[in-house]
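Colleague: The structure that follows is given in the form of structure tokens.
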Amino acid sequence: MIRARKRFGQHFLEPVWVDKVIKAIAPAPDQAFIEIGPGPGALTRPLTQRAKSVTAYEIDRDLAAALVEEAISNLTVVEGDFLKTASPESLASKPCRVVGNLPYNVASPIMFRLIELHAAGVPLVDATLMLQREVADRLVAPPGSKEYGVLSILIGHAADVDTVLKLPAGAFRPPPKVLSSLVRLRFRAPTPPVQDLKFFRWMVQAVFTRRRKTLANALLALDGRIGPPFPRPAEILATAGLDGSRRPETLSIAEFASLADIYTALHIAVL
């Protein structure tokens with residue numbers, strides 16, 4: 001019997017739920033897959049039976065070795081941390097899909113890494129990922145809701161996100177202390193495009209450190225951290241056509257993109 005290791009955040013999917021997840025993924029015979037965290041192979045085996053190929057990244061060397069021993073012809077096992085091992089050079093040059101029953105403590109970094117890989121030219125089509133319900137709800141949250149925040153904006157800027165399936169704690173062994181959701185990220189070019197993607201992401205994170213303040217006050221988090229002095233937030237907001245009394249969580253992705261481009265244009269103008 002394989003035991004889940006707490007340090008890897010392992011919670012293995014029960015067989016009755018494997019079929020439901022595979023049905024939701026809907027693999028096809030001509031498709032290549034990357035699986036993150038295959039564990040004992042509950043999803044891996046049915047994926048290899050339905051897809052063209054599967055490349056599985058497993059951080060647990062014992063579980064990785066067990067999968068290698070099965071000698072499945074269209075399965076490649078990579079032992080190691082996906083965050084450290086996966087690179088544009090090492091991944092497929094042809095379109096591929098991603099699946100993963102992710103350790104919840106590294107789910108966000110893995111999603112950001114997938115977006116970075118897609119931006120770097122890796123032809124990722126989509127990612128069907130098991131997440132903590134709370135995190136999944138943030139991904140699909142609309143502006144103005146309490147769940148809406150940095151994750152909603154930064155992931156939503158580069159991918160369309162849908163909740164595919166909701167799972168109870170009993171769907172896993174051992175049962176986690178939280179509920180789970182299966183979500184699908186469909187990767188695309190950042191929408192709307194921004195002049196400086198790195199600055200856009202930094203600005204969103206900085207503003208949300210003052211989430212409960214008005215937008216005019218929240219933008220003060222940028223003062224003194226982006227080069228020469230710029231006009232006060234009131235002037236920036238007037239240029240963007242935004243009401244400074246609004247709170248950050250009410251802004252759409254497009255409105256954040258507009259703000260970022262105004263700051264970027266000012267920065268370029270004073271160089």
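Colleague: Based on other C-beta atoms within 10 Å, arrange Val161, Val204 from fewest to most.
Modeller: With the fewest neighbours first, Val161, Val204 line up as Val161, Val204.
Colleague: Across the chain, how many lysine pairs separated by 8 or more positions, or lying on different chains, have Cα atoms within less than 16 Å?
Modeller: Close lysine pairs under the 16 Å cut-off: 6.
Colleague: Give the angle, between 0 and 90 degrees and rounded to the nearest 10, that separates the Cα long axis of helix 197-207 from the longest principal axis of the Cα atoms of the chain.
Modeller: Approximately 70 degrees, to the nearest 10.
Colleague: What would the Debye formula give as log10 I(q)/I(0) at q = 0.14, 0.18, 0.27 Å⁻¹ for the alpha-carbon point model of region 197-270, no solvent?
Modeller: With one equal scatterer per Cα and no solvent, log10 I(q)/I(0) is -0.36, -0.62, -1.59.
Colleague: Shifting gears a bit: Note the angle between two axes, namely the Cα long axis of helix 15-25 and the longest principal axis of the Cα atoms of the chain, as a number of degrees from 0 to 90, rounded to the nearest 10.
Modeller: 50 degrees
Colleague: Between Gln205 and Lys94, with labels modelled 7 Å along Cα→Cβ, what's the label distance in nm to one decimal, could you check?
Modeller: Taking the simple label geometry, Gln205 and Lys94 are separated by 3.7 nm.
Colleague: Separate question: Order by neighbour count: Val21, Val99, Val106, Val125, fewest other Cβ atoms within 10 Å first, most last.
Modeller: Going from sparsest to densest Cβ surroundings: Val125, Val106, Val21, Val99.
Colleague: Can you give the Rg to Rh ratio for the chain, taking only C-alpha atoms and Rh from Kirkwood?
Modeller: 1.04
Colleague: Would you work out the relative contact order for the chain, in percent, from Cα pairs under 8 angstrom that are 6 or more residues apart?
Modeller: Dividing the mean separation by the residue count of the chain yields 15 percent.
Colleague: Oh, and also: If you bin the C-alpha pair distances of region 114-181 every 10 Å from 0, what whole percents do you get?
Modeller: 19, 43, 30, 8
Colleague: Going by C-beta contacts inside 10 Å, put Tyr263, Tyr104 in order with the fewest on the left.
Modeller: Tyr104, Tyr263
Colleague: What is the Cα convex hull volume of region 130-222 when expressed per residue in Å³?
Modeller: Spelled out: Cα convex hull of region 130-222, divided by residues, is 118 Å³.
Colleague: Compute the angle between helix 107-119 and the longest alpha-carbon principal axis of the chain, please, reported from 0 to 90 degrees and rounded to the nearest 10.
Modeller: 80 degrees
Readers should treat all values here as calculations from the given coordinates under stated rules, not as data from a laboratory. Keep in mind that this is a model prediction, so the values were computed, not measured. Reconstructed Cβ throughout: ideal geometry from the backbone, glycine too, with neighbour counts over all protein chains shown.
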